[in-house]
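Working notes for the structure below.
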Amino acid sequence: MAVGIFDSGLGGLTVLDAVRARLPDLPLVYYADSAHAPYGVRDRDDIHALTKRAVEHLWASGCDLVVLACNTASAAALRRMQEAGVPPGKRVLGVFVPLIEALTERQWGDNSPPREVAVKHVALFATPATVSSRAFQRELAFRAIGVDVEAQACAGVVDAIEEGDMILAEALVRSHVDALKRKMPDPEAAILGCTHYPLVQDIFQDALGPDVAVYSQPNLVADSLADYLERHPDMVGAGQANTFLTTGDPRRVSDHATQFLRRRITFEAA
Ligand code: DGL
């Protein structure tokens, strides 16, 4: 029984860890497309083609349900893949909706018309491709009115994290927060719209200040997945073992993953 979790690299491990804490008995197959990370600087067609290939690999490995634990892939590829149709018995889900439901105080699947919500000024931090897709703003507009979103494309942060260069990652986060604050001096909430960013969440919070509520995805996605599997228990596919696959160098990726999660993670070649 396995569910697939996909990211361009190591960021989706933040989601995997939260899923593991929430659903300890659920076997997971993690797929990191490290050879092609970062996705955030690629164009839409490229991201779609890479994401489709990875998801098909996970489906073929026995995962009936695949979670795109990558906002960039969710923004550029999810809708297109769903509209093109997925094979019978297979599903692919993204990571935006649980976050936006939390921000807009909605229960899962509440499709009532958009309404006013408490939060009015929201900072969005995401990759250049996610920001230019405007997917967050679109999903938000389905649920809330009167929310001012200022987006900051955080170039370089994913690369620095993938390289394990946390000094560079910190400097980049601080400069992106400064840039955001020049456009929106007093955000009430900040969305970390990239699954790599929880690895530097403390730095975002420190740079934003204690009064800004920081929304990050891992726990929200884990809760939403638990809810989904309760309603669709048949979506847990074949396979019993937890597996970590990468298109990059397994040893190097394992070392960086071990450093981030502070437990031994061993990747194999996809
Ligand atoms: N973790 C991915 C996301 O959530 C990073 C994308 C990238 O590779 O640039 O967007």
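Being more than 15 Å from the ligand (Cβ to nearest atom), part of a loop (DSSP other than H, G, I, E, B) and at pLDDT below 95: is that true of Gln259 here?
no
From (1) touching a Leu at 6+ places or on another chain (Cβ under 8 Å); (2) open to solvent by less than 10 Å² (accessible area, probe 1.4 Å), pick out the condition that doesn't hold for Gln201.
Exception for Gln201: condition (2).
Residue-wise test of (1) closer than 22 Å to Ser216 by Cβ; (2) among the basic types (Lys, Arg).
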site: Val3; (1), (2): yes, no
site: Thr14; (1), (2): yes, no
site: Val19; (1), (2): yes, no
site: Arg22; (1), (2): yes, yes
site: Ala69; (1), (2): yes, no
site: Ala84; (1), (2): no, no
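Within the stretch 218-246, take every residue that is touching a strand residue (DSSP E or B) at 6+ places or on another chain (Cβ under 7 Å) and polar (S, T, N, Q) and give me the one that is surrounded by the fewest Cβ atoms within 10 Å (Cβ to Cβ).
Filtering the stretch 218-246 for residues that are touching a strand residue (DSSP E or B) at 6+ places or on another chain (Cβ under 7 Å) and polar (S, T, N, Q), the one surrounded by the fewest Cβ atoms within 10 Å (Cβ to Cβ) comes out as Asn242.
Considering only the stretch 159-168, I want to know if a residue exists there that is within 14 Å of the ligand (Cβ to nearest atom), at pLDDT 95 or above, surrounded by fewer than 17 Cβ atoms within 10 Å (Cβ to Cβ) and not acidic (Asp, Glu).
No, the stretch 159-168 contains no residue that is within 14 Å of the ligand (Cβ to nearest atom), at pLDDT 95 or above, surrounded by fewer than 17 Cβ atoms within 10 Å (Cβ to Cβ) and not acidic (Asp, Glu).
Given the conditions (1) open to solvent by less than 10 Å² (accessible area, probe 1.4 Å); (2) out of contact with any Asp or Glu (no Cβ under 8 Å at 6 or more places or on another chain); (3) within 13 Å of the ligand (Cβ to nearest atom), and given that Asp46 satisfies all but one, which numbered condition is not satisfied?
In the conditions (1) open to solvent by less than 10 Å² (accessible area, probe 1.4 Å); (2) out of contact with any Asp or Glu (no Cβ under 8 Å at 6 or more places or on another chain); (3) within 13 Å of the ligand (Cβ to nearest atom), Asp46 misses (1) alone.
Name the residue, out of Val177, Val253, that is touching a Leu at 6+ places or on another chain (Cβ under 8 Å), open to solvent by less than 30 Å² (accessible area, probe 1.4 Å) and without any contact (Cβ under 8 Å) to a residue 60 or more places away in the chain.
Exactly one residue qualifies, and that residue is Val177.
Residue under question is Gly62, and the condition is that it be within 16 Å of the ligand (Cβ to nearest atom), in contact (Cβ under 8 Å) with a residue 24 or more places away in the chain and not β-branched (Val, Ile, Thr); does it hold?
no
Filter the stretch 51-61 for residues that are out of contact with any Asp or Glu (no Cβ under 6 Å at 6 or more places or on another chain) and surrounded by 17 or more Cβ atoms within 10 Å (Cβ to Cβ) and give the result.
Residues satisfying the conditions are Thr51, Val55, His57, Leu58, Trp59, Ser61.
If you take the residues of the stretch 132-146 that are free of Cβ contacts under 8 Å to residues at least 40 places away in the same chain and aliphatic (A, V, I, L, M), which of them is farthest from Ala76 (Cα to Cα)?
Ile145
Looking only at the stretch 134-146, decide whether some residue is at positive phi, among the charged types (D, E, K, R) and either part of a loop (DSSP other than H, G, I, E, B) or crowded, with 17+ Cβ neighbours inside 10 Å (or both).
There is at least one residue in the stretch 134-146 that is at positive phi, among the charged types (D, E, K, R) and either part of a loop (DSSP other than H, G, I, E, B) or crowded, with 17+ Cβ neighbours inside 10 Å (or both).
Mind telling me which of the residues Ala171, Ala123, Ala155 ends up being hydrophobic (A, V, I, L, M, F, W, C), open to solvent by 40 Å² or more (accessible area, probe 1.4 Å) and not in a helix (DSSP H, G or I)?
Testing whether each residue is hydrophobic (A, V, I, L, M, F, W, C), open to solvent by 40 Å² or more (accessible area, probe 1.4 Å) and not in a helix (DSSP H, G or I) leaves just Ala155.
Given (1) open to solvent by less than 20 Å² (accessible area, probe 1.4 Å); (2) not in a helix (DSSP H, G or I), where does Val214 come up short, assuming only one miss?
The single condition Val214 does not satisfy is (1).
Across the stretch 72-117, which residue is most open to solvent (accessible area, probe 1.4 Å) among those that are hydroxyl-bearing (Ser, Thr, Tyr) and away from the ligand (no atom under 16 Å from the Cβ)?
The selected residue is Ser112.
The values are calculated or read from the model by the stated rules, or taken from the named source; none is laboratory data. Here the structure is a predicted model, which is why all the values come from computation and not from measurement. Heads up, the Cβs are rebuilt from the backbone with ideal geometry, glycines too, and the neighbour counts pull from every protein chain shown. The protein model used for the area step is the full one, side chains on, heavy atoms only, and it has no ligands, DNA or RNA in it. Shrake-Rupley method; radii C 1.70, N 1.55, O 1.52, S 1.80 Å.
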